[in-house]
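**Student:** First the structure, then my questions, so here it is.
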Amino acid sequence: MTVDTIDCDIHPGVPDIKALLPYMDEFWQESFVARGIDGFDMMSYPLNAPITCRSDWTVKGQRPGASLDAMRTQALETFGIGTAICNPLTGGQVAVSETMGAAICSAVNDWIKEEWLDKEPRLRASIVVPAQAPLLAAEEIERCASDHRFVQVLLPVACEMMLGRSYYWPIYETAARHGLPIGIHAGSMYRYAPTSTGWPSHYLHDYVAHSQTFEDQVLSLISNGIFNRWPDLKFVLIESGVTWLPGFIWRAIKTWRGVRAEVPWVSRSPADIVRDNFRLTIQPFDAPDRDAVERIVQQIDADHMLLFASDYPHWQFEGDAITPPGLSEALQRKVRLDNPLATYPRLKETVQ
């Protein structure tokens, strides 16, 4: 298959629990019904929030992103996408019960295979795992990894604790063994307030505040020596924005030079680790104009880090302005094709 563009972030509309029951074993089917929560809706974005779905992508009577036919027309064909990675945003990771969360995540993975991957050969997917139960998450990765249409493991950026902690190492060990990057998507398990001073009052604040959470998690992964154990493991920051990165890199370098005796295992500059082991999707790029985009790209000094993404069906741009102004033709090609192929080894098996 020849392809000019790889979309690293589209969002199928995950149905409610009732629609997922056929993908669960008998115990969980009975359990959800008996508890009266079989109608639980796992919509991760507020249904009527404008950012949840572009108005011209709305399908009457359906949740955003639920129509495979609409996705083909509105995203794959409109933007010339040859391969797209589905990132199902699911409430399974919010479940306090570890086993219930694992059951939901497994059902979502089987649902995405049957309802999307089997019906559209241009699609790939992330493995949704219960972040609240790393050992069960590792089991789910093992269960799904033999299907090479799964190309990464998906986690929310705000989990039970900082992602560098050894609590999560079973996930990284299993992902690394199968050559799967870790996708970290904007979102929360809502165990704790998403800001250092409490809970936001509005969705606007909650969404924007996640850029700080991404910074925290990147530093957690670096300072806890994750890349000493798994030097080739890649983390993809999805919907993190981009403009925070240059200032973050500068401050991380400056501080590391002063306190590096505290973390002697971090023997390389944080800037080098970020450029080697982290990638970012370009939706939202969050720069106001061409000059700002060019300046940010220059400051990052790593054009291999950026990955193309439409973020379909979320409303991050209007019309067909899917990439920000200020990207050169050579960088456009890297962002659309070369960088995704270098980030996701399994895409090389079918994409040329």
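The values are calculated or read from the model by the stated rules, or taken from the named source; none is laboratory data. Everything numeric here is computed off the predicted structure, so don't read it as measured data. Here Cβ is always computed from backbone atoms with ideal geometry, including for glycine, and neighbour counts include all displayed protein chains.
**Student:** Within the stretch 102-134, take every residue that is of a type outside the set (A, V, I, L, M) and within 18 Å of Ile182 (Cα to Cα) and give me the one that is surrounded by the fewest Cβ atoms within 10 Å (Cβ to Cβ).
**Tutor:** Gln132
**Student:** Would you be able to say whether some residue in the stretch 91-101 is modelled with pLDDT under 95, touching a strand residue (DSSP E or B) at 6+ places or on another chain (Cβ under 7 Å), under 23 Å from Leu21 (Cβ atoms) and surrounded by 18 or more Cβ atoms within 10 Å (Cβ to Cβ)?
**Tutor:** yes
**Student:** So which residues in the stretch 131-190 are part of a strand (DSSP E or B) and touching a helix residue (DSSP H, G or I) at 6+ places or on another chain (Cβ under 7 Å), if there are any at all?
**Tutor:** Phe150, Val151, Val153, Pro156, Val157, Ala158, Ile182, Ile184, Ala186, listed by residue number.
Yes or no, residue by residue, for (1) under 15 Å from Phe79 (Cβ atoms); (2) not in a helix (DSSP H, G or I):
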{"residue": "Ala252", "(1), (2)": "no, no"}
{"residue": "Asp272", "(1), (2)": "no, no"}
{"residue": "Arg275", "(1), (2)": "no, no"}
{"residue": "Leu280", "(1), (2)": "no, yes"}
{"residue": "Ala292", "(1), (2)": "no, no"}
{"residue": "Val297", "(1), (2)": "no, no"}
{"residue": "Pro325", "(1), (2)": "no, yes"}
{"residue": "Gln332", "(1), (2)": "yes, no"}
{"residue": "Ala342", "(1), (2)": "no, no"}
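**Student:** Look through the stretch 13-41, keep the residues that are within 30 Å of Arg54 (Cα to Cα) and of a type in the set (A, V, I, L, M, F, W, C), and return whichever of them is surrounded by the fewest Cβ atoms within 10 Å (Cβ to Cβ).
**Tutor:** Going through the qualifying residues, I end up with Ile37.
**Student:** I'm trying to understand the selection: among the residues of the stretch 72-110, which are touching a residue at least 40 places away in the same chain (Cβ under 8 Å), within 21 Å of Phe40 (Cα to Cα) and assigned to a helix (DSSP H, G or I)? Steps first, answer last, please.
**Tutor:** If we filter the stretch 72-110 for residues that are touching a residue at least 40 places away in the same chain (Cβ under 8 Å), which is where we start, we get 72, 74-76, 78-94, 100, 103-104, 106-110.
Those left that are additionally within 21 Å of Phe40 (Cα to Cα): 87-94, 100, 103-104, 106-110.
Scanning the stretch 72-110 gives Gly91, Gly92, Gln93, Met100, Ala103, Ile104, Ser106, Ala107, Val108, Asn109, Asp110.
**Student:** Which members of the stretch 25-71 meet the condition of being within 22 Å of His314 (Cβ to Cβ), part of a helix (DSSP H, G or I) and either touching a strand residue (DSSP E or B) at 6+ places or on another chain (Cβ under 7 Å) or not small (Gly, Ala, Ser) (or both)?
**Tutor:** Pro50, Ile51, Thr52, Asp56, Trp57, Leu68, Asp69, Met71
**Student:** Give the residues of the stretch 317-344 that are surrounded by 16 or more Cβ atoms within 10 Å (Cβ to Cβ), within 27 Å of Leu180 (Cα to Cα) and either more than 20 Å from the chain's Cα centre (by Cα) or polar (S, T, N, Q) (or both), sorted by residue number.
**Tutor:** Passing the criteria: Thr323, Leu331, Asn339, Thr343.
**Student:** Looking at Gly247, Gly241, can you tell me which residue is assigned to a loop (DSSP other than H, G, I, E, B) and within 30 Å of Leu204 (Cβ to Cβ)?
**Tutor:** Gly241
**Student:** Okay, next question. Ser267 versus (1) farther than 18 Å from Gly164 by Cα; (2) free of Cβ contacts under 8 Å to residues at least 40 places away in the same chain; (3) part of a loop (DSSP other than H, G, I, E, B): which is the lone unmet condition?
**Tutor:** So the condition that Ser267 fails would be (1).
**Student:** Right, here's the next one. Taking the stretch 303-323 as the region of interest, how many residues are under 26 Å from Asp232 (Cα atoms), in a loop (DSSP other than H, G, I, E, B) and of a type in the set (A, V, I, L, M)?
**Tutor:** 2
**Student:** If you don't mind, there's one more thing I want to ask. Being over 20 Å from Thr343 (Cβ atoms) and buried (at least 20 other Cβ atoms within 10 Å of the Cβ), is that true of even one residue in the stretch 159-167?
**Tutor:** yes
**Student:** Something else: Among the residues of the stretch 11-24, count how many are in a helix (DSSP H, G or I) and either within 25 Å of Ile85 (Cβ to Cβ) or of a type in the set (S, T, N, Q) (or both).
**Tutor:** 5
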